[in-house]
Amino acid sequence: MPLVISDASTLIHLAGIGRLALLKEIYEKIVIPAAVWAEVVEQGRGRSGAMEVEVARQAGWIEVLSPTNEPLVLDTLRSRAGFWIAEELYQQVLRVVGEMD
């Protein structure tokens, strides 16, 4: 099974139409970054997706992970997305992480 990483928009919109479980049907297990968890569940309390994602995590089919090797993450982004796009994505990640501290 391939590793599937979801962003907040996907979770919020699928939950909004009552179809979050569609991800489980297709991929079985979904990984989300800690920043996505914070956006959807913690900051989104009472909004579409918050409760559904929390229940899915408790059920074990959504897992929250944080990168432990930032240079590896940047190198992977560079090789997959191209150097300039990777740099911009990486800077956005750093801004989000900085805002969480």
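Test of understanding: what is the full-extension gain from Arg45 to His13, defined as 0.36 nm times their sequence separation minus their Cα-Cα distance? List each step's numbers first, then the result.
Working: separation 32, 0.36 × 32 = 11.52 nm, distance 1.50 nm.
In short, 10.0 nm is gained.
Counting Lys and Arg as +1 and Asp and Glu as -1, what is the net charge of the other residues whose Cβ lies under 15 Å from the Cβ of Val41?
Details: positive: Arg45, Arg47, Arg57; negative: Asp7, Glu39, Glu42, Glu52, Glu54, Glu63.
So the surrounding residues net to -3.
Against the empirical 2.2 N^0.38 Å scaling, what ratio does the C-alpha Rg of the stretch 1-66 come to? Working shown, then result.
On the way: Rg = 10.4 Å, N = 66, 2.2 N^0.38 = 10.8 Å.
After normalising by residue count via 2.2 N^0.38 Å, the value is 0.97.
Give the order of Ile12, Ile62 when sorted by the count of other beta carbons within 10 angstrom, beginning with the fewest. Could the numbers behind the result be given before it?
On the way: Ile12 20, Ile62 25.
Going from sparsest to densest Cβ surroundings: Ile12, Ile62.
Stretched out fully, how many nm does the piece from Glu25 to Ala59 gain, at 0.36 nm a residue minus the Cα gap?
Additional length available on full extension: 10.9 nm.
Since every read-out is calculated from the coordinates, none of them should be taken as a lab result. Keep in mind the model is a prediction, meaning the values are calculated, not measured. Positions of Cβ are generated from backbone atoms using ideal geometry, with glycine treated the same way; all protein chains shown enter the neighbour counts.
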